[in-house]
Amino acid sequence: MLAAIGVGSLEEIFARQIPAALRLDRALDLPDGMVEQDVYEHLRELAARNTDADSQISFLGAGMYDHYVPAFIDMLTERSEFLTPYTPYQPEISQGTLQVMFEYQTAISELTALPVSNAAVYDGASAVGAAAYMARLDNGRERVVVSAGVHPHARETLRTLAPGYGVEIVEVPLDAGTTDEAAWREAIDERTCAAVFAQPNFYGVVEDAGALTATVRERGGDEALSVASVDPVTLGVLRAPGEYGADVAVGEGQALGNRLDFGGPSFGIFAARERLLRRMPGRIAGETLDADGRRGFVLTLQTREQHIRREKATSNICTAQALNALAGVAYLGWLGRRGIVELGELLLRRTHYAREALRALEGVAPMHEGPVVREFAVRLDADVAAVRARCIERGINPGVDLHEITGREEDRGGLLVAVTERRSRADIDALAEALGAAVAAEQEAVPA
């Protein structure tokens, strides 16, 4: 092969193609190889260091949640016809996969009250980035306004992609836990292509989504797109984005029938108004009739760079998260229209109980007073990392260190606590006891 292309070695190929300044001038520093049995023992030891959500009482959240996943979802997603297919290029032999996409899109459209949904994107953060790019293409404007209440990872994704989009990112601060409406109004103008907020926001607080959306329309005109980053599980009790005027709804779908699984993979939700159909990223499956008049499914729209001219592509997604989306639509079907409302109401009650229980502790205070659905932030009068370590020793993970994720000085001492239907009243009482004891112990250990 080397002779056929006219080179003497693999190193010569690298030397011709890669500048010397970019090449490593030494061998890779790798340990010696291991026999299979030793590799197995090594990996087993590494795996034993992990702690799963079933071996401790977990109140972790911040975008990934420990919801119950019914057993039939595993049965469906492990079937070979769903587990192994890559992408449905040939509709005549991909009817099952295409119908899953179609049914998923229908469920997301109903959930968000927006007429068009794609067949999923990678995750919630990339969905936010894709929405901003779609807005840039749609109206040609060069400013994206984003609330500080949007998940830090999604805001980081926006900042990473912004130079490629040719847009400016303007971040609006929070006021008492929700988007500062005066600053939001001031930031949005005729240069704004999209304005992004989260409902509920990263701190778990419910925003006045209707007012935020109305401001986008008032200040940015009909061209500016309002983008709501939503938690799909809460849409059983909160107004749907389409109902309060949002143009686009995006979100992280992990909570819909997908386990934590070391933080992924999951899938991203993306729904929009019909006029944006041809700008949407990813793929859209449609329903049709075959030559014999039978119901069938096809890929209606594909906007990735492989399928149309590169400069007109709105997506570079190579694999939609169809298997994870299958779990999502199966979960929504399992809950049903009434079930998702009942789940939301259950989360409201348990979260309220947990918030009040922690509020009563010495050295613990709520960071915000606004309404919450299934997540809330408290401020500890002690080192958060040390308090978390003490609680974990007792088999309870009390939540996420806010400052560790956001890096904001105002979040120092903050603990983000998430409550799902898997956390019983007894679990919440155990959290309150462990957290109160841990804060008291830290206060005693550290001199005033």
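The values are calculated or read from the model by the stated rules, or taken from the named source; none is laboratory data. Everything quoted here is computed from the prediction, not taken from an experiment. Because the Cβ atoms are built from the backbone with ideal geometry, glycine has one as well, and the counts that use them run over all protein chains shown.
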>> Could you go through segment 164-172 and let me know if any residue there is in contact with a His (Cβ under 7 Å, 6 or more places away or on another chain) and small (Gly, Ala, Ser).
In response: no
>> If a residue must be in contact (Cβ under 8 Å) with a residue 60 or more places away in the chain and either among the acidic types (Asp, Glu) or within 10 Å of ILE269 (Cβ to Cβ) (or both), how many such residues does segment 110-120 contain?
In response: 5
> Within segment 208-235, how many residues are of a type in the set (S, T, N, Q) and assigned to a helix (DSSP H, G or I)?
Replying inline: 3
>> Conditions first: (1) modelled with pLDDT of 95 or more; (2) out of contact with any strand residue (DSSP E or B) (no Cβ under 7 Å at 6 or more places or on another chain). VAL446 passes all but one, so which condition is the exception?
In response: (1)
> From the list GLY370, GLY344, GLY363, which one is surrounded by 14 or more Cβ atoms within 10 Å (Cβ to Cβ) and at pLDDT below 95?
Replying inline: GLY370
>> Filter segment 127-141 down to the residues that are at negative phi and out of contact with any Pro (no Cβ under 9 Å at 6 or more places or on another chain) and list them by number.
In response: VAL128, GLY129, ALA132, ALA135, ARG136, LEU137, ASP138, ASN139, ARG141
> Among the residues of segment 182-200, which ones are within 27 Å of the chain's Cα centre (by Cα) and either in a strand (DSSP E or B) or of a type in the set (A, V, I, L, M) (or both)?
Replying inline: ALA183, ALA187, ILE188, THR192, CYS193, ALA194, ALA195, VAL196, PHE197, ALA198, GLN199
>> What are the pairs with Cβ atoms under 8 angstrom where one residue, in segment 214-226, is over 14 Å from VAL248 (Cβ atoms) and the other, located anywhere, is basic (Lys, Arg) and surrounded by 14 or more Cβ atoms within 10 Å (Cβ to Cβ)? Sequence gap at least six, or different chains.
In response: THR215/ARG185; ARG219/ARG185
>> Between LEU76, LEU111, which is hydrophobic (A, V, I, L, M, F, W, C) and either touching a strand residue (DSSP E or B) at 6+ places or on another chain (Cβ under 9 Å) or in a loop (DSSP other than H, G, I, E, B) (or both)?
In response: LEU111
> Within segment 1-17, can you find the residues that are assigned to a helix (DSSP H, G or I), surrounded by 12 or more Cβ atoms within 10 Å (Cβ to Cβ) and β-branched (Val, Ile, Thr)?
Replying inline: ILE13
> Any idea which of ALA385, ALA377 is more than 30 Å from GLU110 (Cα to Cα) and touching a Phe, Trp or Tyr at 6+ places or on another chain (Cβ under 6 Å)?
Replying inline: ALA377
> Quick one: is GLY124 surrounded by fewer than 23 Cβ atoms within 10 Å (Cβ to Cβ) and either outside the structural domain of THR160 (by TED's automatic domain parsing) or in contact (Cβ under 8 Å) with a residue 12 or more places away in the chain (or both)?
Replying inline: no
> With (1) closer than 28 Å to LEU76 by Cβ; (2) at pLDDT below 95; (3) of a type in the set (A, V, I, L, M); (4) surrounded by fewer than 24 Cβ atoms within 10 Å (Cβ to Cβ) as the list, and ALA291 as the residue in question, which single condition is left unmet?
Replying inline: (1)
> When segment 123-147 is examined, which residues are found to be among the hydrophobic types (A, V, I, L, M, F, W, C) and in a helix (DSSP H, G or I)?
Replying inline: ALA125, ALA127, VAL128, ALA130, ALA131, ALA132, MET134, ALA135, LEU137
> Quick check: is even one residue across segment 103-113 on the phi < 0 side of the Ramachandran plot and modelled with pLDDT under 95?
Replying inline: no
> Do you know which of the residues in segment 59-109 that are within 26 Å of SER424 (Cβ to Cβ) and free of Cβ contacts under 8 Å to residues at least 24 places away in the same chain is surrounded by the most Cβ atoms within 10 Å (Cβ to Cβ)?
Replying inline: ASP74
> Within segment 289-303, which residues are part of a strand (DSSP E or B) and β-branched (Val, Ile, Thr)?
Replying inline: VAL298, THR300
> Going through segment 318-336 one residue at a time, which ones are of a type outside the set (A, V, I, L, M, F, W, C) and modelled with pLDDT under 95?
Replying inline: THR319, GLN321, ASN324
> Would segment 54-62 turn up any residue that is more than 22 Å from ASP401 (Cβ to Cβ), in a helix (DSSP H, G or I) and among the charged types (D, E, K, R)?
Replying inline: no
